[in-house]
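Student: Before I ask anything, let me first share the structure, which is written out below as structure tokens.
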Amino acid sequence: MNATATSADENIGVMPVRAGFGFDQAALVRWMTQHVAGFAGPLEVFEFRGGQSNPTYKVVTPTKTYVLRRKPPGVLAKGAHAVDREAQVLTALGKSGFPVAHVHGLCLDNSVIGSWFFIMDMVEGRIFWDATLPDVPAMDRPAYFAAMNDTLAQLHRIDPQNVGLGDFGRGGNYFERQISRWTKSYLADTDAGRDAGMDMLIDFLPGAIPDSNETAIVHGDFRCDNLIFHPTAPRILAVLDWELSTLGHPLADFTYHAMMYRMPPQIVAGLGNVDPTRLNIPDEAAYVAQYCAATGRKGIPDYEFYITFNFFRMAAIFHGIKGRVIRGSAASAQSAARVAHYPTLVKLAVDAEETYA
């Protein structure tokens, strides 16, 4: 999950491939020659900056630029870094007309570059790391927010069976499974300690799950910095970072995205400290109403439950980061700074719970 990338300076552009993340480029040339239509070398390889859990590379040839996304090298937890699932959902959605990068090929042979990988098109456009869209004229901002909203609604309207994703995840009981998963993760990490707010949420959430068992394709991390916009128009060319995608509840996915209205920008791209009206950005209620209109809903009566759940889920993730920092096993140099935001996430979850209750 790329849920803690907050700075454009940390994430924009490419760099030389880091030590330990390189691979046999000649072997990649041989594989692409056989499996990527129209490929012709030579190639240059750079590594994208940022917090991707799956290392991502820019592959430049004389006539075309590609993106390579791979599992990290080394021993990995079972089911983690599932680039094969990413390639599967991108391929299926691309055929349906949803805005994603075109996948050219998936390699499940570790002997080629040391881990599984896939090759997709490099989509050129704009990525916004600040949800206030400061580089967009105020009069145009509503159209950009509408594009985000409409794109997520479009995803949730796609029938998984119709695009070959009927087996992409377990249908039903999404909240029960997710709450159980993150509760177990929280309770198991004794190094990170306990929090009264988290303990209260663990007691509250299972009994408050709405009577709604919808299933849709969910992205899992849909926010402005995972979208590539057209260079000049309020149109999304590609949705990125499908590592958390599965079959799940569409309202969990939408409200994760809508958390931006309450999220402090120092945690992830958020609007938690700004007045949307002053910036000519639709407010939270208007944004919810737009999604409802696009998906044929009369409203979201249990909206605050879904917000509570998502802040709880993110707080549980940050709790896990806290444990890894304490144990000295955190992968990112920024992890300790991010842990400082854990109490804020717990408070935001508790605040939403109190509103709902």
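The values are calculated or read from the model by the stated rules, or taken from the named source; none is laboratory data. Everything numeric here is computed off the predicted structure, so don't read it as measured data. Heads up, the Cβs are rebuilt from the backbone with ideal geometry, glycines too, and the neighbour counts pull from every protein chain shown. Areas reflect the complete protein model, heavy atoms only, side chains present, ligands, DNA and RNA absent. Shrake-Rupley method; radii C 1.70, N 1.55, O 1.52, S 1.80 Å.
Student: Using only DSSP helix segments of four residues or longer, with each worth -39500 (n - 2.57), what per-residue ellipticity at 222 nm results for the chain after dividing by its residue count and rounding to 500?
Tutor: One gets -12500 deg cm²/dmol as the mean residue ellipticity at 222 nm.
Student: What accessible area, in Å² to the nearest ten, does a 1.4 Å probe give for Tyr261?
Tutor: 20
Student: Turning to a different aspect of this structure: Can you run phi through the Karplus equation (6.51, -1.76, 1.60; θ = phi - 60°) for region 231-246 and list ³J(HN,Hα) in whole Hz, with x for Gly and Pro?
Tutor: Residue by residue, region 231-246 yields x, 10, 10, x, 9, 8, 8, 7, 9, 9, 6, 9, 4, 9, 5, 6 Hz.
Student: State, in angstrom, two size descriptors of region 201-357 derived from its alpha carbons: Rg to one decimal place and Dmax to the nearest whole number.
Tutor: Looking at region 201-357, its Cα Rg and Dmax stand at 16.5, 49 Å.
Student: For region 78-137, what D do you get in µm² per second when you plug the Kirkwood radius from alpha-carbon pairs into Stokes-Einstein at 25 °C and 0.890 mPa s?
Tutor: The Stokes-Einstein estimate is 178 µm²/s.
Student: Please work out the average accessible area per residue across region 24-177, using the 1.4 Å probe convention, and give it in Å².
Tutor: On a per-residue basis, 46 Å².
Student: Let me make sure I get this right: for region 143-280, a, b and c are the square roots of the gyration tensor eigenvalues over alpha carbons, sorted descending. Under 1.5 in a/c it's rounded, otherwise prolate if a/b > b/c, else oblate. Which is it?
Tutor: oblate
Student: On to the next question. Can you give me the Rg/Rh ratio for region 251-319, using Cα atoms for both radii and the Kirkwood formula for Rh?
Tutor: Taking Rh as the inverse mean 1/r over Cα pairs, Rg/Rh reads 0.98.
Student: Using r as the Cβ-Cβ distance of Ala138 and Asp109, and R0 as 35 Å, what FRET efficiency do you calculate, to the nearest 0.05?
Tutor: 0.10
Student: Kindly express, to the nearest 10 degrees and within the range 0 to 90, the angle between helix 141-157's C-alpha long axis and the longest C-alpha principal axis of the chain.
Tutor: Taking the Cα atoms of the chain, the angle to 141-157 is about 80 degrees.
Student: On to the next question. Run a plain Debye calculation on the chain (Cα atoms as equal point scatterers, no solvent) and give log10 I(q)/I(0) at q = 0.12, 0.14 Å⁻¹, rounded to two decimals, same order as the q list.
Tutor: Ignoring solvent entirely, the Cα scatterers give -0.94, -1.30.
Student: Can you give the local net charge around Ser96? Use residues other than it whose beta-carbon is closer than 11 angstrom to its beta-carbon, Lys and Arg +1, Asp and Glu -1.
Tutor: +1
Student: Any idea what angle helix 284-295 forms with the longest principal axis of the chain, computed on alpha-carbon atoms, 0 to 90 degrees, nearest 10?
Tutor: The helix 284-295 is inclined about 60 degrees to the chain.
Student: A follow-up question, please. Springs between alpha-carbon atoms under 10 Å, Gaussian network over the chain: tell me which of Arg324, Arg223, Arg30 tops the mean-square fluctuations.
Tutor: The residue with the greatest mean-square fluctuation here is Arg30.
Student: Using θ = phi - 60° and the Karplus curve 6.51 cos²θ - 1.76 cosθ + 1.60, what whole-Hz ³J(HN,Hα) does each residue of region 23-36 get, with Gly and Pro shown as x?
Tutor: 7, 6, 5, 5, 5, 5, 4, 4, 5, 5, 4, 7, 10, 10
Student: Quick one: ranking Glu86, Glu44 by accessible area, 1.4 Å probe, largest first, what do you get?
Tutor: These residues rank, largest area first, as Glu44, Glu86.
Student: Using θ = phi - 60° and the Karplus curve 6.51 cos²θ - 1.76 cosθ + 1.60, what whole-Hz ³J(HN,Hα) does each residue of region 211-227 get, with Gly and Pro shown as x?
Tutor: Ordered by residue, 3J(HN,Hα) equals 7, 8, 10, 5, 9, 8, 6, 10, 7, x, 8, 7, 7, 4, 7, 10, 10 Hz.
Student: Also: State, to one decimal in nm², a quarter of the convex hull surface area for the C-alpha atoms of region 62-209, i.e. the direction-averaged projected area.
Tutor: If you wrap the Cα atoms of region 62-209 in a convex hull and average its projections, you get 14.2 nm².
Student: Right, another one. If R0 is 22 Å, what FRET efficiency do you get for Arg170 and Asp84 from their C-beta distance, rounded to 0.05?
Tutor: 0.80
Student: What order, most packed first, do the peptides 296-303, 145-152 have when packing is the mean number of other Cβ atoms within 10 Å of each residue?
Tutor: So the order, starting with the most tightly packed, is 145-152, 296-303.
Student: Using only Cα atoms, find the angle between the long axis of helix 174-188 and the longest principal axis of the chain, and express it within 0 to 90 degrees, rounded to the nearest 10.
Tutor: 90
Student: Compare the peptides 114-122, 241-249, 205-213 by average per-residue count of other Cβ atoms within 10 angstrom and give them in order, highest first.
Tutor: 241-249, 114-122, 205-213
Student: Still on this structure, I have one more. What is the set of long-range amide H partners of Ala238 at a cut-off below 5 Å, with H atoms built 1.01 Å from backbone N?
Tutor: Excluding prolines and chain starts, which carry no amide H, the hits are Ile228.
Student: Using a 10 angstrom cutoff on alpha carbons, build the Gaussian network for the chain and name the most mobile of Arg170, Arg235, Arg69.
Tutor: Arg170
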